[in-house]
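Here's the structure we're looking at; comments come further down.
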Amino acid sequence: AKADGRGVYRFFQAAMGEKARERRLFERDLRLALERNEFYLAYQPQKSVRTGAVTGFEALLRWRHPLRGEVAPADFIPIAEESGLIHAIGAWVLRCACREMIAINDLRVAVNVSALQIHSANFAGLVRDVLAETRFPPDRLEIEVTETALIRDFDRALTTLRQIKALGAQVTMDDFGTGYSSLSHLKMFPFDRIKIDRSFVRAVDQNYQGAAIVRAVLGLGRGLGLPVLAEGVETAEEFNFLDAEACDEVQGYFLGRPEPLALVT
Ligand code: C2E
Ligand code: CA
Ligand code: CA
Ligand code: CA
């Protein structure tokens, strides 16, 4: 029995060792990805519901590894955060988005920023430097932050968001409704726009709870004077609902998929 136990333990240890090894390799590949130019941005259009015109693009990070293929952000962003690589990767995203989108006149570009970036010592300084270096018009840059990115340290996050606003850039609350104490966050932080999470948008044509939640967020936006963008719009039914409820902007497969710059322009 003792020997068996040890065998199981050894097996377990080997499996753990294998997992740790895979994780180290993944992290190494992620580190190399910047040097080897394996990242690129895909841009998804955002449209005005009223006019149908494109108002801006959300920049979405893509990683194409020679052997792993296309790795989804959901699979590598968490590792980038745990390893600290998110700072270098995030700076690359910001710089690339400003460089690439400067050619597209008058349209906004929205860049996703992780909690660690918001809480890092000089994130606003990075934004300022990238704007100066690329000559990207500050009022066309939008920084997307989630509620969970704010709760770690309210004062620090508030300072950073105010600094970004002082540069002339905009700040959007992403994934609204999926975090917690959303209402106080809207009051506390200087947001320019609210993005309704796609989990709510998906449900508008499925049940009255889904419709009620989206209506409530639209009402909140109106009350606070903040434009509301609904994300993850996939069907005509969802779009028609948002149109009827006077949602300001929409984004989703129904309007356009994320595409590399060459296909956007
Ligand atoms: P997110 O910020 O909520 O981005 C929207 C996600 O929804 C994107 O997934 C987009 O491709 C997807 N999407 C757009 N329209 C539809 C639709 O109609 N239906 C469905 N089912 N999905 C739709 P993606 O590109 O895989 O990104 C996932 C998440 O990874 C993003 O969620 C964001 O949190 C994070 N992410 C992406 N790029 C960056 C980045 O540059 N920096 C950081 N920190 N996070 C990023
Ligand atoms: Ca986003
Ligand atoms: Ca989102
Ligand atoms: Ca639906």
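The values are calculated or read from the model by the stated rules, or taken from the named source; none is laboratory data. Since this is a predicted model, take the numbers as computed values, not measurements. Cβ sites come from the backbone with ideal geometry, for glycine too, and all protein chains shown count toward neighbours. When the accessible area is computed, the model is the full protein with side chains, heavy atoms only, and any ligands, DNA or RNA have been set aside. Shrake-Rupley method; radii C 1.70, N 1.55, O 1.52, S 1.80 Å.
General observations
- Shape call, segment 50-160: gyration tensor on alpha carbons, a/c limit 1.5: oblate
- Neighbourhood charge, 12 Å Cβ-Cβ cut-off, centred on Glu27 and excluding it, Lys, Arg +1 and Asp, Glu -1: +1
- Rounded to the nearest whole Hz, the Karplus-based 3J(HN,Hα) values (6.51 cos²θ - 1.76 cosθ + 1.60, θ = phi - 60°) of segment 170-179 follow the sequence 9, 10, 10, 8, 8, 6, 4, x, 8, x, with x at glycine and proline.
- Among residues other than Phe154 with Cβ under 15 Å from its Cβ, the summed charge is +1 (Lys and Arg +1, Asp and Glu -1).
- Here the accessible area of segment 121-248 is 51 percent carbon and sulfur, with a 1.4 angstrom probe and all protein chains present.
- A simple rule links phi to the HN-Hα coupling: the Karplus curve 6.51 cos²θ - 1.76 cosθ + 1.60 with θ = phi - 60°, which for segment 147-155 gives 4, 5, 6, 9, 6, 4, 8, 4, 5 Hz, with x for Gly and Pro.
- Rounded if a/c under 1.5, otherwise prolate or oblate - the chain, Cα gyration tensor axes: prolate
- Bridge orientation summary for segment 13-127: considering DSSP beta bridges with both residues in this region, about 75 percent are antiparallel.
- Heavy atoms of Leu220: accessible area, 1.4 Å probe, square angstrom to 10: 50
- Here's how it looks for Asp248: its modeled amide H is under 5 Å from those of Val228, which are all 5 or more places away or on a different chain.
- The residues of segment 91-192 expose, per residue, 43 Å² of accessible area to a 1.4 Å probe.
- Crossing angle, helix 73-83 versus the chain [Cα axis fit, 0-90 degrees, rounded to tens]: 60
- Cα gyration tensor shape of segment 2-79, rounded if a/c is under 1.5, else prolate or oblate by comparing a/b with b/c: prolate
- Helix 2-35 vs. the chain, principal-axis angle (Cα, 0 to 90°, nearest 10): 50
- For the chain, the longest principal axis of the alpha carbon atoms and the long axis of helix 208-224 meet at an angle near 60°.
- Net charge over other residues, Cβ less than 10 angstrom from the Cβ of Leu116 (K, R count +1; D, E count -1): -1
- The chain: antiparallel DSSP beta bridges as a percent of all, rounded to 5: 45
- Computed magnitude of the charge dipole of the chain (debye, nearest 20; Cβ of K, R +1, Cβ of D, E -1): 800
- A DSSP coil position with no more than 15 other Cβ atoms inside 10 Å describes the following trypsin sites (Lys or Arg not before Pro) in segment 72-153: Arg135, Arg152.
- Projected onto its three principal axes, the C-alpha set of segment 162-265 covers 40, 39, 22 Å, listed from the longest axis down.
- Taking every protein chain into account, the 1.4 Å probe leaves Val8 with about 100 Å² of accessible area, to the nearest ten.
- Interchain or long-range residues, amide H under 5 Å from Glu259's placed H: Tyr43, Gln44
- A 1.4 Å probe, protein heavy atoms only, puts the accessible area of Phe11 near 150 Å².
- Dipole-positive endmost among Val214, Leu67, Ala246 within the chain (Cβ charges, Cα centre): Leu67
- Backbone HN-Hα couplings from phi across segment 247-254 [Karplus 6.51/-1.76/1.60, Hz, Gly and Pro as x]: 5, 6, 9, 9, 8, x, 4, 4
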